[in-house]
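What follows is a single structure, written as structure tokens, with notes after it.
The values are calculated or read from the model by the stated rules, or taken from the named source; none is laboratory data. Predicted model only: the values in this text are computed from it and were never measured. When we count neighbours, we look across all protein chains shown, and the Cβ atoms used for this are built from the backbone with ideal geometry, even at glycine. For accessibility, only protein heavy atoms count, side chains too; no ligands or nucleic acids. Shrake-Rupley method; radii C 1.70, N 1.55, O 1.52, S 1.80 Å.
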Amino acid sequence: MKKVSAIICAYNEEKTIKDVIISVSKSRIIDEIIVVNDGSVDNTQKIIKELKKEIEIRDIHFEENKGKGFAMAAGVEQAKFDIMLFIDADLSNIVTEHINQLINPLLNEEADIVLGQATETLINYSINPFKSFSGERALLKEDIIPVINKMKTSRFGVETLLNLYYQSLGKTVKYVMLKNLEHPTKFSKTSSLKATKEFLYEGHEIATTVIRNYDLIAKTLKRIINKNMKIKYLIFAIFIALVGSVNLAKAQEDADKLKLSGELLTDQRFLYESPNDWAWNENRLTLNLDKRMENSKFHSEVWLRNIGLPNITRSSGLYNKGIVDPYNLEIREAYIQLYGFLTKNLDVTIGRQRIVWGTADKLNPTDNLNPLDLEDILDFGRRRGSDAINLNYYLNNDFSLQGIFIPFFQPANMPIGIFANALNPSMALPQGMVLKGFSDTLMIPRYNLGESSTAGLKFKGFAKGVDFSLSYVWGYDGLPFATRNTFTPVDAFGGININSQLSFARTHIIGADMATSIAGIGFWAEAAAFIPDGNIIMTNDLSAFYLQSPVPVTQDSLILDKTKPYIKFVVGGDYNFSDGSYLNLQYMHGFIHERGAENLNDYFFLRYEKKFFNEKLKVAPIGGGFIVTDWDNIQDNYALVYMPEIAYQPTVNSEITVSTTIFDGKGDNLFSNLKDNNMFMFKMKYSF
């Protein structure tokens, strides 16, 4: 029978190390205990030495911290027996049953490696996406000897290294839930600032481990590909891409001349699921015109695009070039800016312009003046320009006031192509009714100065290293509400037609945001309270079912209560590491299309990228988000989005990007509803 060596690695764990060692020593299945003190500066070493008087322990002490990977490897090298059991030194409530759960699958040859997940953690253990990073694991010594040297340099990426190694060999991995085992978070062990910084460094070490061990990833992919011929064909298709470049004009050196700049972008996507339908086709030429003169500036941005695929259903369409080869022309911005207008402290901008408010990354709850451009649902936070008068008055170098007036209401434009139904709400029909036909009527606000206009006011400042602002918008929600549904019977079997009246709600929005940097880490926070100008009510008109009724038969439902504001907010941070890598974390409550406090979901976004070869190559192996729609039943109400990316700059003004988007989840939410649309994406951009 195989024997077990328990290895406990500790760094400044004076509060818990004693209980962990005593608990492990009570297990009869453990044949030796090795404790590695990895350069602790508290009383950890003293506690270990005192315990040696009562418990048989083999201890290893390092004068300085060498990292978790090195400590684990040192324990393995000193171990005498066959099975390595790794136990973290900061656990609470570990008992003999937990140890048996980790060891028995190896003794019974049910698995090659066993990972234990504490149930008392911040994230529900049953769906924890980080469970593979667990420090509680059991494996065979003979299996990890080949990577013992890699372990020594992996620091906090050691668990990731072992996961990659076992996957590359096709080994069997088993997860066990360690009931009532508590694994404290860093925020419970130290200050919030220090915990955040430690999380960033650990994330950096994990990502670095992934990049350094690309050979293990390649072996895993090769093993999977050899089992699936379809994937082979998919990889072959990746190499088929459009490459083009354009050189339209030389840059003028004279500042008084009209300057031309822009870019050519091709964006191609296809679905992974057979028969690999084309999901997106866009070729965009962006032209920017700029001219500066004394105390004034002109700017315009125009898109000329071939977008979409031919949608030809009749031969007559072959005579229409706009159908055979669809294109459009769009003026994104065109404005004049006057500096020192009437007074030296006042700047005025008039024309179509993008007015950006907020400090968060792309998704900004306070950014509500311009209409949403939802054409590409994956281009988060994109908005169109508005025809506006924009006044900026500078009180001094640190504080300013901004006033905005937009005379014309502009609704959001909705997603197209495979994303066309992404934001459409599901409709629950009364029992016995079957929808046969649907139509709608859009009620646009009347275009006059009072009814169709939007106004905004913002106070912006800088104090003690913090950028901040307070804002107010009196405008419209750019996404319509269904305010009246008329039901009409069409047969005797419950078939009905529905006509839905869609209306836009006037809304007051009060916002605040801030951004700062602490110890080299960028932080931001942003929030907005949305207050409907009046109650939003949906009326279902069933009068057609009750022809004899002398009065209309209707049912009213309150969608939004004007006395109950709802708040969307974002908090996040980023960090640039000295080796050229970058980490971005963001938490958001309430996505762009969600309204009402009870309908706001939670979104966690993460991106890690690293640059190589003088920043010509950018690899983002970690990117995406985790969405929770019901915290009381997460396992049935969540979504995962994974978006890794590789970008290469062959020249200073060109970039080629390949990426993928994988959706998964359960329940009725935006991203889980896209899980049939996993896709590969290719983009090429040439700037001039």
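For segment 661-677, the tally of residues that are under 15 Å from the mean Cα position of the chain (by Cα), under 10 Å from Leu640 (Cα atoms) and not in a loop (DSSP other than H, G, I, E, B) stands at 5. With the structure loaded, tell me whether Asp361 is acidic (Asp, Glu), loosely packed, with under 14 Cβ neighbours inside 10 Å and more than 17 Å from Gly478 (Cβ to Cβ) or whether it fails that test. So Asp361 does not fit the description; no.
In segment 26-33, is there at least one residue being modelled with pLDDT of 95 or more, part of a strand (DSSP E or B) and surrounded by 21 or more Cβ atoms within 10 Å (Cβ to Cβ)? Yes - at least one qualifying residue is present in segment 26-33. For segment 653-668, residues that are over 17 Å from Leu264 (Cα atoms), in contact (Cβ under 8 Å) with a residue 40 or more places away in the chain and either among the small types (Gly, Ala, Ser) or surrounded by 18 or more Cβ atoms within 10 Å (Cβ to Cβ) (or both) total 1. Checked across segment 108-125, the condition of being in a helix (DSSP H, G or I) and aliphatic (A, V, I, L, M) holds for no residue. Asn370 meets the conditions (1) in contact with a Ser or Thr (Cβ under 7 Å, 6 or more places away or on another chain); (2) in contact (Cβ under 8 Å) with a residue 60 or more places away in the chain in every case but one. The failed one is (2). One residue alone among Ile21, Ile99 is in contact (Cβ under 8 Å) with a residue 40 or more places away in the chain and surrounded by 16 or more Cβ atoms within 10 Å (Cβ to Cβ), and that residue is Ile99. Residues in segment 326-381 that are among the charged types (D, E, K, R) and part of a loop (DSSP other than H, G, I, E, B) were compared, and the one that is farthest from the chain's Cα centre (by Cα) is Lys344. Of all residues in segment 265-281, none that is without any contact (Cβ under 8 Å) to a residue 24 or more places away in the chain has its Cβ atom under 9 Å from the Cβ atom of a residue that is open to solvent by less than 10 Å² (accessible area, probe 1.4 Å) and part of a strand (DSSP E or B), 6 or more apart or on another chain. Residue by residue through segment 576-608, note down the ones that are part of a loop (DSSP other than H, G, I, E, B), open to solvent by less than 40 Å² (accessible area, probe 1.4 Å) and touching a Gly at 6+ places or on another chain (Cβ under 9 Å). Once the filter is applied, which keeps residues that are part of a loop (DSSP other than H, G, I, E, B), open to solvent by less than 40 Å² (accessible area, probe 1.4 Å) and touching a Gly at 6+ places or on another chain (Cβ under 9 Å), segment 576-608 yields Leu600, Asn601. For beta carbons closer than 8 Å, sequence separation of 6+ or different chains, a first residue in segment 298-318 that is closer than 22 Å to Arg354 by Cα and a second that is surrounded by fewer than 12 Cβ atoms within 10 Å (Cβ to Cβ) and of a type in the set (A, V, I, L, M, F, W, C), the qualifying pairs are Val302/Leu329; Trp303/Leu329; Leu304/Leu329; Arg305/Leu329. Annotation: of all residues in segment 618-638 being among the charged types (D, E, K, R) and in a helix (DSSP H, G or I), the one that is least open to solvent (accessible area, probe 1.4 Å) is Asp636. The residue of segment 417-457 that is modelled with the lowest pLDDT, among those that are closer than 23 Å to Val490 by Cα and small (Gly, Ala, Ser), is Ser426. Within segment 156-172, the set of residues being of a type in the set (Val, Ile, Thr) and under 28 Å from the mean Cα position of the chain (by Cα) comprises Val158, Thr160. When residues in segment 58-101 are screened for being within 18 Å of Gly39 (Cα to Cα) and in a loop (DSSP other than H, G, I, E, B), 7 of them pass. Scoring Gly322 on the criteria (1) exposed (fewer than 12 other Cβ atoms within 10 Å of the Cβ); (2) in contact with a Ser or Thr (Cβ under 9 Å, 6 or more places away or on another chain) leaves a single failure, condition (2). Counting only strands (runs of 3 or more DSSP E) that sit completely within segment 405-519, those holding 3 or more residues that are within 34 Å of the chain's Cα centre (by Cα) and surrounded by 15 or more Cβ atoms within 10 Å (Cβ to Cβ) correspond to 454-463, 466-476, 481-489, 495-503, 506-518. When restricted to residues that are surrounded by fewer than 20 Cβ atoms within 10 Å (Cβ to Cβ), in a strand (DSSP E or B) and either touching a helix residue (DSSP H, G or I) at 6+ places or on another chain (Cβ under 6 Å) or free of Cβ contacts under 8 Å to residues at least 60 places away in the same chain (or both), segment 520-539 contains 7.
Evaluated against (1) in a strand (DSSP E or B); (2) surrounded by fewer than 15 Cβ atoms within 10 Å (Cβ to Cβ), Thr563 falls short on exactly one condition, (1).
Scanning segment 292-311 for residues that are over 19 Å from Glu330 (Cβ atoms), open to solvent by 60 Å² or more (accessible area, probe 1.4 Å) and in a strand (DSSP E or B) gives Arg292, Met293.
Within segment 253-276, take every residue that is surrounded by 13 or more Cβ atoms within 10 Å (Cβ to Cβ) and assigned to a loop (DSSP other than H, G, I, E, B) and give me the one that is modelled with the lowest pLDDT. Filtering first and then ranking leaves Asn276. Is segment 183-193 home to any residue that is outside any helix (DSSP H, G or I), open to solvent by less than 30 Å² (accessible area, probe 1.4 Å), on the phi < 0 side of the Ramachandran plot and at pLDDT below 90? Checked against the condition, which is being outside any helix (DSSP H, G or I), open to solvent by less than 30 Å² (accessible area, probe 1.4 Å), on the phi < 0 side of the Ramachandran plot and at pLDDT below 90, segment 183-193 yields no hits at all. Residue-level analysis places Gly573 among those that are within 19 Å of Leu200 (Cα to Cα), crowded, with 16+ Cβ neighbours inside 10 Å and in contact (Cβ under 8 Å) with a residue 40 or more places away in the chain. In the set (1) open to solvent by 40 Å² or more (accessible area, probe 1.4 Å); (2) touching a Leu at 6+ places or on another chain (Cβ under 9 Å); (3) at positive phi, Gly381 fails one condition alone, (1).
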